[in-house]
Amino acid sequence: MKKQSDLSKLFSYAGSFRYLTISSWVLSAISALVALLPFIYIWKIIKEVLDVAPDYGAAQNLAHNGWMAVLLAILSMLIYVGALMCSHVAAFRVASNIQSRAMHHIVTLPLGFMDSFGSGKLRKIVNESSAATENYLAHQLPDRAGAVATPAGMLALLLVFDWRLGLLSLIPIVLAFILMITMTGVKMRTKMKEYQDSLALMSNEAVEYVRGIPVVKTFGQSVFSFKRFKASIDSYEKWVVSYTKQLRLPMMFYTTIINAVFAVLIAAALIMTRNGVDNVFLINLLFYIIFTPIITVTLTKIMFSSENKMIVADALERIDSVMTLKPLSESDRPVSPEDNSVELRNVSFRYQNAKQNALNHVSMRINAGEHVALVGPSGGGKTTLANVIARFWDIDGGEILIGGINVKDIPKEELMNTVSFVFQDSKLLKASILENVRMAKPDATREEVIKALEAAQCADIIEKMPYGIDTVIGTKGVYLSGGEQQRIAIARVMLKSTPIIILDEATAFADPDNEYKVQTAFTALSKGKTVIMIAHRLSTVAGSDRIFVLKDGQIAECGRHEQLVGKDGLYTHMWKEYACAAKWKVGAGNELA
Ligand code: ADP
């Protein structure tokens with residue numbers, strides 16, 4: 001398949017706005033050509049002055065030519081403004097189209113993708129990569145059109161004035177182009193990618209570092225314990241130094257050449273006028289010397305647009321890395337679940353790039369209304385199992401049925417209205433408590449929200465808030481503990497009232513009061529529902545209808561607490577350990593008392 005060029009990729013985001021982009025190039029080229037005309041009038045002025053010298057009063061056309069030069073310069077500027085207006089409108093449209101298309105695509109992806117990709121990285125790709133295209137389309141491309149038109153116009157002027165001097169002033173341009181190609185070739189393109197990669201790595205590590213500061217402080221470690229962060233800075237430094245060194249010579253020559261066109265002209269003129277000067281030659285020489293700054297400006301513009309081209313190519317590649325991710329398939333013959341049971345048939349699943357399956361041929365049936373708990377050692381597959389039921393990921397083998405229907409055949413919306421999740425770290429938005437809860441059911445009344453909050457044991461939270469349920473979470477002075485946040489998240493799920501609920505129990509609570517309230521809220525939420533609870537502590541599972549013990553992605557044991565605890569298995573072992581730890585806690589409590 002032929003690789004799509006960056007420009008056609010950008011155009012694919014522009015829609016009919018591509019014509020504005022093209023108009024901006026045409027206008028910019030015209031403006032560049034018109035910008036050359038004032039120099040002709042300046043040449044005329046010099047010529048007239050020299051022709052009539054020393055009787056300067058005889059010069060008739062000075063004012064006319066002067067005005068023409070000024071007017072043409074203004075005209076060129078106005079055309080350029082027109083070009084920029086066209087290019088900006090198109091550029092903003094492209095950037096916003098990239099963002100909206102990326103966002104539309106992201107919502108079709110499996111939910112688990114957010115976790116594995118990292119929301120920070122995703123934000124950077126969607127926001128920064130689209131912004132990178134903006135400058136390129138709005139400024140660099142029209143400037144490039146102008147920059148190409150300028151040498152063409154100069155070639156035409158060669159015929160009008162002295163061809164020898166014209167050719168001489170073209171030599172630095174050719175040299176500059178050759179240098180520019182060496183500086184922006186394929187090799188440099190890979191370098192630019194390395195640069196962007198090491199920059200991304202460094203900022204990722206920086207975030208990890210800031211997040212880890214409490215750990216570093218708690219354990220009295222030094223900053224050097226963040227070896228990865230330091231290594232990423234070192235590698236960035238190494239890269240920047242080698243890149244700069246590599247560009248030093250070509251850049252030095254490039255800058256010298258484009259700024260020294262007039263020096264070449266003067267040297268050549270000295271040689272050409274060994275046998276005396278004639279007026280016409282002098283005038284032409286002056287014309288070219290006045291003209292040289294245009295060459296410098298033009299080449300500088302081209303240079304920057306080349307650098308930006310590499311940044312844009314890289315940005316488009318990053319956008320593509322998101323756009324080519326496979327969306328969650330939608331069934332063409334959608335079916336609704338028949339009841340609220342959940343069944344896994346021989347389910348296997350492996351995370352991308354993982355060496356082992358996270359779930360290995362798991363089969364289980366959870367009847368409608370049953371309350372089951374998933375327990376087992378960390379890494380056993382509890383979270384993965386819960387996630388695949390809600391289709392956060394599509395499984396690699398086997399089938400998952402909800403109400404007798406394969407989850408892949410249930411319309412996404414319906415699946416979301418059938419299964420809901422209470423995560424361990426419930427994410428609340430920076431919005432009022434009311435809005436945070438109402439997210440689950442946008443048409444819910446204020447009373448319904450209040451009822452859900454009460455059932456989720458949130459009355460004490462609302463009471464202490466300055467504006468009750470209208471208090472915005474995350475504003476100054478409004479702080480919610482982990483347990484409180486989880487209760488609000490429970491209210492959210494309570495309002496949604498889906499028949500199947502997956503609970504990820506929190507591993508730690510700041511205080512027993514909070515823990516008690518969360519448990520009460522869980523109980524209220526679970527009433528009459530099919531519940532799958534990921535239990536991290538055994539205290540809560542004894543009352544479950546069934547307990548599944550997961551180890552190495554397989555069900556090691558399954559049954560009620562009384563059945564399991566009698567066997568000599570993993571559960572009994574875990575239970576003994578738990579009972580021992582609980583006794584120890586009580587003992588410690590007594591001692592204190
Ligand atoms: P549990 O919830 O029982 O602690 P998990 O379901 O989180 O276990 O993990 C099961 C296995 O899958 C573990 O080996 C874990 O390392 C792996 N795993 C979990 N999440 C990911 C992920 N996003 N990418 C790769 N491997 C993962």
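The values are calculated or read from the model by the stated rules, or taken from the named source; none is laboratory data. None of these values were measured; they are calculated from a predicted model. Because the Cβ atoms are built from the backbone with ideal geometry, glycine has one as well, and the counts that use them run over all protein chains shown. In case anyone asks, the SASA skips ligands and DNA or RNA and just uses the protein heavy atoms, side chains included. Shrake-Rupley method; radii C 1.70, N 1.55, O 1.52, S 1.80 Å.
Observations, loosely collected:
- Size check on the chain: the Cα extents along the three principal axes, sorted descending, read 119, 54, 51 Å.
- Cα centroid separation - the stretch 79-123 against the stretch 297-360, whole Å: 15
- Stretched out straight at 0.36 nm per residue, the stretch from LYS230 to LYS121 would grow longer than its current Cα-Cα span by 37.2 nm.
- Debye equation applied to the C-alpha atoms of the stretch 310-447, log10 I(q)/I(0) at 0.11, 0.12, 0.14, 0.20 Å⁻¹: -0.57, -0.67, -0.86, -1.27
- Of the whole protein surface, ARG248 contributes about 150 Å² of accessible area at a 1.4 Å probe radius.
- For the stretch 342-590, the ratio of Cα radius of gyration to the globular rule of thumb 2.2 N^0.38 Å stands at 1.06.
- Using just its DSSP H runs of length 4 or more, each adding -39500 (n - 2.57), the chain gives a mean residue ellipticity at 222 nm of -21000 deg cm²/dmol after division by all residues.
- Computed with a 1.4 Å probe on the full set of protein chains, the accessible area for GLU414 sits at about 60 Å².
- Nearest-20 debye value, the stretch 342-590 charge dipole, Cβ charges on Lys, Arg, Asp, Glu: 280
- A 1.4 Å probe, protein heavy atoms only, puts the accessible area of ASP425 near 100 Å².
- Accessible area per residue in Å² at 1.4 Å probe, computed on the chain: 53
- Cross-link reach list, aspartates and glutamates versus LYS355, counting only Cα pairs under 17 Å and skipping chain neighbours closer than eight places: ASP396, ASP552
- If R0 is 22 Å, the Cβ-Cβ spacing of PHE281 and ILE74 corresponds to a FRET efficiency of close to 0.10.
- Quotient of the Cα radius of gyration of the stretch 1-134 and 2.2 N^0.38 Å, N being its number of residues: 1.79.
- Within the stretch 342-590, antiparallel bridges make up roughly 50 percent of the DSSP beta bridges whose residues both belong there.
- Counting only protein heavy atoms and a probe of 1.4 Å, the accessible surface of the chain is 62% carbon and sulfur.
- Accessible surface ranking that places the most exposed of CYS458, CYS580 first, with a 1.4 angstrom probe: CYS580, CYS458
- Proximal aspartates and glutamates to LYS227, defined as alpha-carbon separation beneath 12 angstrom and excluding residues fewer than eight positions away on the same chain: GLU205, GLU208
- When each of the peptides 80-88, 522-530 is scored by the mean number of other C-beta atoms lying within 10 Å of its residues, the order from highest to lowest reads 80-88, 522-530.
- The charge dipole of the chain, taken about its Cα centre with unit charges on the Cβ of Lys, Arg, Asp and Glu (plus for the first two, minus for the last two), comes to roughly 1080 debye.
- When the alpha carbon coordinates of the stretch 281-358 are projected onto the principal axes, the ranges are 95, 34, 16 Å, largest first.
- Within a straight-line Cα-Cα reach of under 23 Å, LYS124 can be paired with the following lysines, leaving aside sequence neighbours fewer than 8 residues apart in one chain: LYS9, LYS191, LYS193, LYS230, LYS309, LYS326, LYS427, LYS430.
- By accessible area with a 1.4 Å probe, ligands and nucleic acids excluded, highest first: order of GLU577, GLU505, GLU205: GLU577, GLU205, GLU505
- The order of ASP409, ASP332 by accessible area, most exposed first and with a 1.4 Å probe, is ASP332, ASP409.
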